[in-house]
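Enquirer: Can you read through this structure? Questions will come right after.
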Amino acid sequence: KELKKSLMADLFKYGAPSFRKGRKLKKTEIGEIPENWEVVRLGEVYKITNKPPALNFKNFGLIPFIPMEEIGFGTINPKYYMKSSDEISSGVYFEKGDLLLAKITPSFENGKQSIVENIPLNFGIATTEVIPIKQTHKSNIYYLFYLLQKTNVRESLAESMEGTTGRRRLSKNALLNFLIPLPSFPEQQEIVKILQTVDQKIEIEQKKKELYEELFKTMLNKIMAQEIDVEEIEV
């Protein structure tokens, strides 16, 4: 995870490895970035998903619903529950492939966000405390997914949160007007591929860690129950 943080800092400053040859940096209002990258408002290349006026939830038997507790800290495919429209008293409309960004404190500052790709319908309903974000032809949703995991990006956005202590929220307007670095679409894809590979390695190591911890607990219980003779264990 520490390696991923360092790698992200490197990629979002110098760009993807295959694009670096002969590249120079330029100073911008958001720091140094490759000279051929743009600085754009997030809303220029990403969109907030809105419910189509003609869509009637009652025409669907069951609808995927995602509560806040299932939104992970930078995860893909959070758990969802199939509910009838009558069971859902409130929520935010989103579509398959959207990034659900938690907007309320402390969930936002802690990095709660998930991309949803595994729902059975093309849309769903999530907690009201998220902002659903969609990519455009200029952007890759995973590029934003990783950019928003950077600590300095979260801290900058958090300065725009509104409301009273303990109930502060990030507004759609503040999000859409936030300045981000934007490489070409192919370079976005390479950055995403690198970071997805790292995430896969983290997941493998996490599963190993959980397996070893479970093995340790099992062995300890057997030792305490005198099912295993400690003196016979080979070190």
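Enquirer: Just for the stretch 35-56: of the residues that are assigned to a loop (DSSP other than H, G, I, E, B) and in contact (Cβ under 8 Å) with a residue 12 or more places away in the chain, which one is nearest to T151 (Cα to Cα)?
Expert: As a first pass, look at the stretch 35-56 and keep what is assigned to a loop (DSSP other than H, G, I, E, B): 35-37, 49-56.
Those still in the list that are in contact (Cβ under 8 Å) with a residue 12 or more places away in the chain too: 35-37, 49-51, 55.
Details: E35: 23, N36: 24, W37: 21, T49: 25, N50: 28, K51: 31, L55: 38 Å.
Checking each candidate, the answer is W37.
Enquirer: From the list E227, E187, E210, exactly one residue is within 24 Å of R41 (Cα to Cα) and either part of a loop (DSSP other than H, G, I, E, B) or of a type in the set (D, E, K, R) (or both). Which is it?
Expert: Numbers: E227 fails: within 24 Å of R41 (Cα to Cα); E210 fails: within 24 Å of R41 (Cα to Cα).
None of the others qualify; the one that does is E187.
Enquirer: Same structure, new question: Within the stretch 1-10, restricting attention to residues that are among the charged types (D, E, K, R) and open to solvent by less than 90 Å² (accessible area, probe 1.4 Å), which residue is nearest to the chain's Cα centre (by Cα)? Spell out how you get there, then give the answer.
Expert: Quick first cut of the stretch 1-10, residues among the charged types (D, E, K, R) only: 1-2, 4-5, 10.
Checking the rest, the ones that are also open to solvent by less than 90 Å² (accessible area, probe 1.4 Å) come to 4, 10.
Values: K4: 14, D10: 19 Å.
Checking each candidate, the answer is K4.
Enquirer: Still on this model: Starting from residues that are of a type outside the set (D, E, K, R) and under 23 Å from G111 (Cβ atoms), keep the ones in the stretch 46-63 and report whichever is surrounded by the most Cβ atoms within 10 Å (Cβ to Cβ).
Expert: The first filter runs over the stretch 46-63 and keeps only residues of a type outside the set (D, E, K, R), leaving 46, 48-50, 52-57, 59-63.
This time we only want the ones that are under 23 Å from G111 (Cβ atoms), so: 46, 48-49.
Details: Y46: 22, I48: 18, T49: 18.
Out of the qualifying residues, it is Y46.
Enquirer: Next up: Run down G97, G72 and say which single residue is closer than 18 Å to Y146 by Cβ, of a type in the set (G, A, S), surrounded by 14 or more Cβ atoms within 10 Å (Cβ to Cβ) and touching a helix residue (DSSP H, G or I) at 6+ places or on another chain (Cβ under 9 Å).
Expert: Details: G72 fails: touching a helix residue (DSSP H, G or I) at 6+ places or on another chain (Cβ under 9 Å).
After applying the criteria, what remains is G97.
Enquirer: A further question on this structure: Within the stretch 11-34, count every residue that is surrounded by fewer than 12 Cβ atoms within 10 Å (Cβ to Cβ) and in a loop (DSSP other than H, G, I, E, B).
Expert: So the count comes out to 5.
Enquirer: Being more than 24 Å from K83 (Cα to Cα) and free of Cβ contacts under 8 Å to residues at least 60 places away in the same chain is true for just one of N122, N140, N118. Which residue is that? Talk me through it step by step, then tell me what you get.
Expert: Numbers: N122 fails: more than 24 Å from K83 (Cα to Cα); N118 fails: more than 24 Å from K83 (Cα to Cα).
Being more than 24 Å from K83 (Cα to Cα) and free of Cβ contacts under 8 Å to residues at least 60 places away in the same chain holds for just one of N122, N140, N118, which is N140.
Enquirer: Here's something else I'd like to know. When residues of the stretch 74-94 are filtered for being touching a Lys or Arg at 6+ places or on another chain (Cβ under 7 Å) and at pLDDT 95 or above, how many remain? Please lay out each step first, then the result.
Expert: Of all residues in the stretch 74-94, those touching a Lys or Arg at 6+ places or on another chain (Cβ under 7 Å) come to 85, 93.
Then keep just the ones that are at pLDDT 95 or above; that gives 93.
Looking only at that region, the number is 1.
Enquirer: Being over 18 Å from the mean Cα position of the chain (by Cα) and hydroxyl-bearing (S, T, Y) is the filter; apply it to the stretch 179-235 and report the residue that is most open to solvent (accessible area, probe 1.4 Å).
Expert: Going through the qualifying residues, I end up with Y212.
Enquirer: Then there is this: Suppose we keep only residues that are open to solvent by less than 10 Å² (accessible area, probe 1.4 Å) and of a type in the set (A, V, I, L, M) within the stretch 100-124. Which one would you say is nearest to F57 (Cα to Cα)? Spell out how you get there, then give the answer.
Expert: As a first pass, look at the stretch 100-124 and keep what is open to solvent by less than 10 Å² (accessible area, probe 1.4 Å): 100-102, 108, 113-116, 119, 124.
From what is left, the residues that are of a type in the set (A, V, I, L, M) are 100-102, 115-116, 119.
Values: L100: 20, L101: 23, A102: 23, I115: 22, V116: 19, I119: 16 Å.
Going through the qualifying residues, I end up with I119.
Enquirer: Go through the residues of the stretch 160-168 one by one and say whether even a single one is closer than 21 Å to F12 by Cα and either assigned to a strand (DSSP E or B) or open to solvent by 40 Å² or more (accessible area, probe 1.4 Å) (or both). Let's see the steps before the verdict.
Expert: Just the residues of the stretch 160-168 that are closer than 21 Å to F12 by Cα, to begin with: none.
Checked the stretch 160-168: no residue is closer than 21 Å to F12 by Cα and either assigned to a strand (DSSP E or B) or open to solvent by 40 Å² or more (accessible area, probe 1.4 Å) (or both).
Enquirer: Report yes if some residue within the stretch 182-189 is over 20 Å from N36 (Cβ atoms) and touching a residue at least 24 places away in the same chain (Cβ under 8 Å); otherwise report no. Write out each step before concluding.
Expert: Initially, the stretch 182-189 is screened for residues over 20 Å from N36 (Cβ atoms), giving none.
There is no residue in the stretch 182-189 that is over 20 Å from N36 (Cβ atoms) and touching a residue at least 24 places away in the same chain (Cβ under 8 Å).
Enquirer: Identify all residues within the stretch 124-159 that are farther than 17 Å from I71 by Cβ and in a loop (DSSP other than H, G, I, E, B); write none if there are none.
Expert: Those that are farther than 17 Å from I71 by Cβ and in a loop (DSSP other than H, G, I, E, B): T136, H137, K138, S139, N140, K150, E159.
Enquirer: On the given criteria, is K172 surrounded by 10 or more Cβ atoms within 10 Å (Cβ to Cβ), over 24 Å from E109 (Cβ atoms) and of a type in the set (D, E, K, R)? Walk me through it before giving the result.
Expert: On the way: surrounded by 10 or more Cβ atoms within 10 Å (Cβ to Cβ): yes; over 24 Å from E109 (Cβ atoms): no; of a type in the set (D, E, K, R): yes.
Criteria not met by K172.
Enquirer: Could you list, in sequence order, all residues of the stretch 57-109 that are in contact (Cβ under 8 Å) with a residue 60 or more places away in the chain, under 13 Å from the mean Cα position of the chain (by Cα) and not in a strand (DSSP E or B)?
Expert: Residues satisfying the conditions are K103, F108.
The values are calculated or read from the model by the stated rules, or taken from the named source; none is laboratory data. All values derive from a computational prediction rather than experimental measurement. When we count neighbours, we look across all protein chains shown, and the Cβ atoms used for this are built from the backbone with ideal geometry, even at glycine. To get the accessible areas, we keep the full protein, side chains included, count just its heavy atoms, and leave off ligands, DNA and RNA. Shrake-Rupley method; radii C 1.70, N 1.55, O 1.52, S 1.80 Å.
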